[in-house]
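Quick notes on the structure that follows.
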Number of protein chains: 2
Amino acid sequence: MPFHSHKLPNGLQIIGETSPSARSAALGFFVRTGARDETPEVSGVTHFLEHMVFKGTPRRTYLDVNRDFDKIGADYNAFTSEENTVFHAAVLPEYLPAAMDILADILRPSLREEDFDTEKNVIIEEIGMYEDQPGSCAYEHAKRLFFDGHRLGNSVLGTVQSITDLRRNQMYDYFTRRYVAPNITVAAAGRFDWPEFVKLTDKHCGDWLPGPVGRECLREEAGHGGFQVVVKDKVTQEHVILMAGGPPADSPLRHAADLLGMIVGDDSGSRLYWALVDPGLADSADCSFHEYEGTGTFYTSFSGEPERAEENLAITLGVLGAVRRDGVTEEELEQARSKMLSRVVRASERPKGRMIALGMHWTYQGGYRSVDDELKAYEAVTTKTIREVLERYPIDRVSTLALGPLAELHKG
Amino acid sequence: MPFHSHKLPNGLQIIGETSPSARSAALGFFVRTGARDETPEVSGVTHFLEHMVFKGTPRRTYLDVNRDFDKIGADYNAFTSEENTVFHAAVLPEYLPAAMDILADILRPSLREEDFDTEKNVIIEEIGMYEDQPGSCAYEHAKRLFFDGHRLGNSVLGTVQSITDLRRNQMYDYFTRRYVAPNITVAAAGRFDWPEFVKLTDKHCGDWLPGPVGRECLREEAGHGGFQVVVKDKVTQEHVILMAGGPPADSPLRHAADLLGMIVGDDSGSRLYWALVDPGLADSADCSFHEYEGTGTFYTSFSGEPERAEENLAITLGVLGAVRRDGVTEEELEQARSKMLSRVVRASERPKGRMIALGMHWTYQGGYRSVDDELKAYEAVTTKTIREVLERYPIDRVSTLALGPLAELHKG
C-alpha cells in the first residue's frame, strides 16, 4: 500500500495511502484546532464552528450540502476534540471528486448571521443534553480538575453562557486564524489515483489563504492530586474518575502506555474487569491512555451503586498501586498485545479507518506509519518498557473526581 | 473472492469466502433458532441460552472461556433475534483454529444448574433495564400488536415471570432440539485456507448430533390495523410506531422494499427526515424494511414532544399515504440506490461484515450471493418494482402503537 505526500504552495498538506484491493475511498480534512486553542471568551467556538461548516457556502445552502452528500451516498460526518476538528466522507471510488467538491466547499463556510443564530440554539440544547449524561459530565469535570488551568481542561462544548455571548464576528476571526491552509491536512485512503487526487485538491484548495499556525500551552501536565465531589441528585449511579499523567503523543513510550492502559482497564479481561466488573461490584470500570500534543493522561473510571463507591475507590487505588509497584506480567503483556494487534489490523481494513489513522498520525508526528510499522511498535514493547512508563508517569498519582448522588466520598 | 460450501455427514453446513487481501479472519455459528421458535412457557429461553453458552463446558469454566478468547485477542460476541442466534469471533488469521476450538466447544455448553441460577438474575436485570428504554419497549409492544398471535410477536427477552419460572431442564430440552447439526451454519470470511477450515470444522463439530429441524407458523402477516396507547408516566417523549406488512426474506421484491424504506425514512435526506426531523417537529423519524422467514414488515416510527404527537402522526400518515398513492420519483430512487450501494460495499470491506452477510443469506436462502450480485439486485430495482411492492404491501395500512406520557392519541 504505497504512501504519498505533497504540500501545496499555500502550505496545505496532502497525504494518501492507495489500496487497489479496496472497493471504496475515504477522504478527510484534519484541522489542527480544538478546545485547547480557545480563550475563555470564545469557549466552545471550535465545536460551534464545526456545526456552522455544514450550514452553507456562497455556492450551497444548508439543504444543498445535505442533498449533495446524499446524492453520492456518502457516509459523512465531523468531530471536534480538544485538539482537532475533522471532517470526513467515505464513498464509492467514482464519487471521490464529488466528495472533495463538497468538503472543500463547506470548509470555506459563509457563517451567515441568521444560520449562526439558529444554530446557537441547537448547541445550547446539545449542552443541555450533555448535562443529562453523567459519564460525559464527570469527564468534563475531571479534565478541568486534572489540567487545572492548562488549556487541555477547556470544555469542548463550552457553556450555555459562553455560547449565548458568542458573536458571529468572534467565530469569523477564529475561523480566519485557525482554518489557514498550513493548519490543515487532507488525507485519503482506499481506491483512488494519487496524481489525480493531488490535482483535485489543488483545484479546490489551492487558493486557500496561508497564515501563521501555532498552539499555546504545550507543557507536560502531571496533575496536582486533587479530590472533588460533584453532587447530582438526579443521577442514580456514582461516577468516579481518576486521572494521572502520561506520555505525550510524540513520546517513544506511547505504545507501552497504550498496552499498560489495556492491561489495567480494558473492557474485557483486565485487572479492573476482574476486580470490579466480573464480581458485580461496579457496572463498569475502565482504564485507558489518552495522548495529546505535549502531554498525556491515564484515565481510569468506574461507575456503580453509590453505597459501593468508597469500597470500589479503595479497590481501584489498590489495582493502580499494585501495577505501579510490581509492573505487569509477561502473560498480561502477551494477552494485551494480541488484543491490540487484532484491533489495529481490524481498524485498518476499511479505508475510513486507515484515513483517520493516517490523518491523526500526520497531524501529531508529521510522518507516516504503515500498519506493519504500527504492529512492530507494539511488538517491541517489553515489561521493562512498561516499567519505564510507570516510573516516569506514576499511574496511581491521581486527581479524583466523583459525580453522582453522594455528598461526600472518603479517599480511603 | 471464491466461495465454497460443504455439508458434513451430520448435516452441519459449512460456508466460506476467502479473500487473500484481508488481514484478518471472521468466523460465525448461525443457529436457526429464535424467539419465534419458543412456546409461551419458555418465552425468552433462546436469549437466556445464548448467555449460558458463554458460561462453560466440560473442558472450560466461565473464566476459561473469557481468558481463552482474550489470549488470542478475539473480537467476539453473540446476538439473539426473533429468528437467529449467532456466535462470532474476528481474529488475526493465525488464531482462526483457536477461535474455532473455543466457539465449537462453548456451543456444547454444560448448562450447569448453579450457573443457570446466577445467570437468571442477570437476565431479569436486563429485562428491567430494557423496560427503561422507551424506544425498545415500544418496539416490543408494536410487534405484539402487529403480529397478533403470530409467533414473530414473541418477546426476545421474555418476561420477568417467564424467566423466573424457567427450569434448567426446559432449557436443556430446547437446546437438544434446536442446536442440532442440521440447524447450524458455520461461516468464515477473510484470510483462511478453505480445505483446512473444512477439516477443522469436521474435527470440532463432526460428532454433533443430527436431528429434525423445523419452524412453525410461517404464514405471511399483513397486520389488523390495530391502534394502542401504552401510558408510561416516567417517559418524557412520546414514541410512536406504525407497522405494515412487507415481502418475506426470500421474495424477489426484497431489494425494492429495502430501497423504499430508505426513501421514506432513512436517517438523512428521506421524506420523513424532511417532513419531521429537519423542521424540528420530531426528535427522530425512521422507516425501514425488516425481513423474516415467510413475511416482512415496514417499520415506521417517530419520537418527540407529546404535545406534537398527534400532528406528527398525521404528517407521518400523510407521507406514507402519498408514497403509496404516487410511488417514488426517479431522483429519489437514484439517491437511495447510491446510499445503499455505498453501504453494502463498505459493510463488505471487513471480514466480519462479509461473514455476517454470508451466514444470514445462507440461513434464509440456502445460497450464496457475492457483493456484486447484491449490488446488481439493487441496481435492477425500478420505480415500477417499487410500485409493485406498494400495491402488494400497502405501506400505510398500519398497526399503530404509542408509548409515553399521553393517555390518549387520536388517529387523526
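The values are calculated or read from the model by the stated rules, or taken from the named source; none is laboratory data. Every value quoted in this text rests on a predicted model; they were computed, and no experiment measured them. With ideal geometry, Cβ positions are generated from the backbone for all residues, glycine too; neighbour counts draw on all protein chains shown. The area values use the complete protein model at the heavy-atom level, side chains included, leaving out ligands, DNA and RNA. Shrake-Rupley method; radii C 1.70, N 1.55, O 1.52, S 1.80 Å.
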Per residue of A:334-343, count partner chain C-beta atoms within 10 Å of its C-beta, then hand back the mean as an integer. 4
Reachable lysines, given that their alpha-carbon falls under 23 Å from the alpha-carbon of A:K376 and they are not under 8 places away in the same chain: A:K339, A:K352, A:K384, B:K71
Residues whose modelled amide H sits under 5 Å from the amide H of B:G304, counting only those 5 or more places away in sequence or on another chain, are B:E238, B:D283
Explain nothing, just the number: dipole magnitude of chain B about its Cα centre with +1 on each Lys and Arg Cβ and -1 on each Asp and Glu Cβ, in debye rounded to the nearest 20. 1060 debye
Net lengthening on full extension, A:D165/A:E216 (0.36 nm per residue, minus Cα-Cα): 16.0 nm
Quick one: with all protein chains in place, what share of the accessible area of chain A is carbon or sulfur, to the nearest percent (1.4 Å probe)? 51 percent
Relative contact order of segment A:282-412, defined on C-alpha pairs under 8 angstrom at six or more residues apart (%): 31 percent
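Full-extension gain between A:A377 and A:T236, please, as 0.36 nm times their residue separation minus the C-alpha to C-alpha distance. Mind showing how you got there, number by number?
Numbers: separation 141, 0.36 × 141 = 50.76 nm, distance 4.22 nm.
Taking A:A377 through A:T236 to full extension adds about 46.5 nm, to one decimal.
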For chain A, calculate the relative contact order in percent as a whole number, restricting contacts to Cα pairs under 8 Å that are 6 or more residues apart. 22 percent
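Roughly how much accessible area, to the nearest 100 Å², goes out of reach of solvent when B and A pair up, both sides summed, probe 1.4 Å?
Details: alone 17970 and 17980 Å², together 32770 Å².
Protein heavy atoms only, the B-A interface buries about 3200 Å².
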Inter-label distance for B:E196 and B:R325, nm, one decimal - labels placed 7 Å from Cα along Cα-to-Cβ: 6.3 nm
May I ask you to list, by number, the DSSP H helices of chain B whose Cα span along the axis is at least 24 Å and whose average Kyte-Doolittle hydropathy reaches 0.0 or more? B:309-326
Could you tell me which of A:P40, A:H88, A:F54 has its Cα farthest along the dipole of segment A:1-123 towards the positive end, charges placed at Cβ (Lys, Arg +1; Asp, Glu -1), taken about the Cα centre? A:H88
Partner aspartates and glutamates for A:K232 [C-alpha distance under 12 Å; skip if fewer than 8 residues away on the same chain]: A:E131, A:D132, A:E408
How large is ³J(HN,Hα) for each residue in segment B:206-220, as worked out from phi by the Karplus curve 6.51 cos²θ - 1.76 cosθ + 1.60 (θ = phi - 60°), to whole Hz, x for Gly and Pro? x, 9, 5, 6, x, x, x, 10, x, 8, 8, 6, 9, 5, 6
Could you give each residue of segment A:268-279 its phi-based ³J(HN,Hα) in whole Hz, using Karplus coefficients 6.51, -1.76, 1.60 with θ = phi - 60°, and x for Gly or Pro? 9, x, 9, 4, 5, 4, 6, 7, 10, 7, 4, x
Taking a probe of 1.4 angstrom, what is the accessible area of B:I263 in Å², to the nearest 10? 10 Å²
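In debye, nearest 20, what is the charge dipole magnitude of segment A:124-283 about its Cα centre with +1 on Lys and Arg Cβ and -1 on Asp and Glu Cβ, if you could check? Don't jump to the answer; show the numbers that get you there.
Details: 16 positive and 23 negative charges, 111 e Å.
So the dipole magnitude of segment A:124-283 works out to roughly 540 debye.
How crowded by other chains is A:70-79, given as the mean number of beta carbons from other chains within 10 Å of each beta carbon?
4
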Express in whole angstrom the spacing between the alpha-carbon centres of segment B:272-347 and segment A:5-77. 28 Å
Taking chain B as a Gaussian network, where each spring joins two C-alpha atoms under 10 Å apart, which residue of B:L242, B:L313, B:L63 fluctuates the most? B:L63
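State the extension gain, in nm to one decimal, for the chain segment bounded by A:R387 and A:A98, taking 0.36 nm per residue of separation less the distance between their alpha-carbons.
Value of the extension gain: 99.1 nm.
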What does the helix-only formula give at 222 nm for the protein assembly as shown: each DSSP H stretch with n ≥ 4 adding -39500 (n - 2.57), the total divided by the residues, and the result rounded to the nearest 500 deg cm²/dmol? -13500 deg cm²/dmol
Which of the lysines could be linked to B:K120 by a straight reach, that is with a Cα gap under 23 Å, when you skip same-chain ones fewer than 8 residues away? B:K55
Compute the relative contact order of segment B:202-324 as a whole-number percentage, counting only Cα pairs closer than 8 Å that sit 6 or more residues apart in sequence. 28 percent
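Quote the charge dipole size of segment B:333-412 about the Cα centre in Debye, to the nearest 20; the model charges only the Cβ of Lys and Arg (+1) and of Asp and Glu (-1).
Working: 14 positive and 10 negative charges, 37 e Å.
The calculated dipole for segment B:333-412 is roughly 180 debye.
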Put +1 on the Cβ of every Lys and Arg and -1 on every Asp and Glu Cβ in segment B:302-412; which of B:A314, B:V344, B:L358 then has its Cα farthest towards the positive end of the dipole? B:L358
Expressed in angstrom and rounded, the centroid-to-centroid distance over alpha carbons for segment B:96-166 and segment A:169-188 is 50 Å
Amide H to amide H under 5 Å from B:G246: which residues, 5+ apart in sequence or cross-chain, H placed 1.01 Å off N in plane? B:G296, B:T297, B:F298
What accessible area per residue comes out for chain A, rounded to a whole number of Å², with a 1.4 Å probe? 40 Å²
